[in-house]
Amino acid sequence: MAKAPNRAPDQDIDAAAEAAAADAAAFRRQIRFWLISAVILAIFLYVFSGILLPFVAGMVLAYFLDPVADRLQRLGLSRLMATIVILFAFIVVLVLAFVILIPVLASQMADFASKLPEYLTRLQTLITSFDPRWLEEKFGVDANGLREGLNSLLTSGFGLLTTVFTSIWSSGVALVSVVSLFVVTPVVAFYMLLDWDRMVAIVDSWVPRDYVQTVRAIANDINTATAGFVRGQGTLCLVLGAMYATGLTLTGLNFGILIGLFAGLISFIPYVGSLTGLVLAVGVAFVQFWPDWTMVAAVAGVFFVGQFIEGNILQPRLVGKSVGLHPVWLMFSLFAFGALFGFVGLLIAVPASAAVAVLVRFAISRYLESPLYKGHNTEPVPPLPARRRGSGGPRS
């Protein structure tokens, strides 16, 4: 058999260049396709954000309960029966929670709102009631200036908090009545939970076949990050809210259930929930128990114990280390999606931020493997020069 003629080096170089150009063109088409899809989705959410709340809530509920349905199916139930059992149990628990908790929370919230100006005034008086000469000698602080600054800070903080809640309410909940929310959401959750696996298969069939394996890998990473946060962190928030509410109520703190549940429910932002709850609880404790330092310390101890249990027991078991969402990125996402889409934006902020984080990591990995990053230079790039401590120049 005659040997095939050897290819010239120039031909190999041309073939490699053509392959690289084809890969780059395919990568650009892929980026263009997914950017257009993301823009269409964002426009859809922006246009219909006023009516999406029950549908998004139902989708979130179905996503949250899908693993339970899968487990019931493995135990022998049909998908329909598993869906009925899950939603019936969820509605029973929700109704009991509303019957027991909502009247208590509504009463405490109304009482707290009516007494908040008085509490702020008394707290300000307590803080600035120390000997003015002692404050000036030890800290160089003028008592009158401290009182005015503290009053301005408390007024601004309370006004900002009121503005945020008013904006969230007017942009989201006010556009969809509470009745429609509680009627439509269970229906949407029922049908989505019933057809979840089939919907996933249909969406998978729509993905361009050239990219289906890549999209499946990305979707799996997004699901891992989102599930770890939504399911794990959601359960953690509920447990922490119950712990804080129980602990504060046992100390005899006014509005203990309200403050504890609020601190637990916003604990999906690391340290923000516990810190906010600590400030609120200790502020109320100062006004209520002063000068009994023991009770103030007991109120603060509830949050310190809660942080210890969260960090050493609950967080590793419920969430783990697979989420990969930086607290700053999470807070930015909440503000950004809340500003763009109102209350619906707050519901989708966490899964959307997890998805964006996964997509950014994927894009960076593809960039690091592309000719745009590697170029044609075969020489190793020298590392950055080390810098001396306390100086901006390179080490000589």
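The values are calculated or read from the model by the stated rules, or taken from the named source; none is laboratory data. Since this is a predicted model, take the numbers as computed values, not measurements. Every residue, glycine as well, gets a Cβ built from its backbone with ideal geometry; the counts of neighbours run over all protein chains shown. Just the protein is used for accessible areas: all its heavy atoms, side chains included, with ligands, DNA and RNA removed. Shrake-Rupley method; radii C 1.70, N 1.55, O 1.52, S 1.80 Å.
A few comments on the model shown:
- Ranking by accessible area, most exposed first, for 191, 63, 367, 244 with a 1.4 Å probe: 191, 367, 63, 244
- Modelled label positions at residue 51 and residue 113, each set 7 Å beyond Cα in the direction of Cβ, lie 2.9 nm from each other.
- Long-range tail of P(r) for segment 24-121 (Cα pairs > 17 Å, %): 74
- Candidate residues 196, 34: accessible-area rank, largest first, probe 1.4 Å: 34, 196
- Whole-Hz Karplus values for segment 90-95 come out as 5, 5, 4, 4, 5, 5 Hz, taken residue by residue from phi with 6.51 cos²θ - 1.76 cosθ + 1.60 and θ = phi - 60°; glycine and proline positions read x.
- Gain upon complete extension [residue 30, residue 297; 0.36 nm per residue less C-alpha separation]: 90.3 nm
- The largest accessible area among 243, 81 belongs to the first residue in 81, 243, and the rest follow in falling order (1.4 Å probe, all chains).
- Packing here is the average count of other Cβ atoms within 10 Å per residue, and on that basis the peptides 218-229, 257-268, 327-338, 98-109, highest first, run 257-268, 218-229, 327-338, 98-109.
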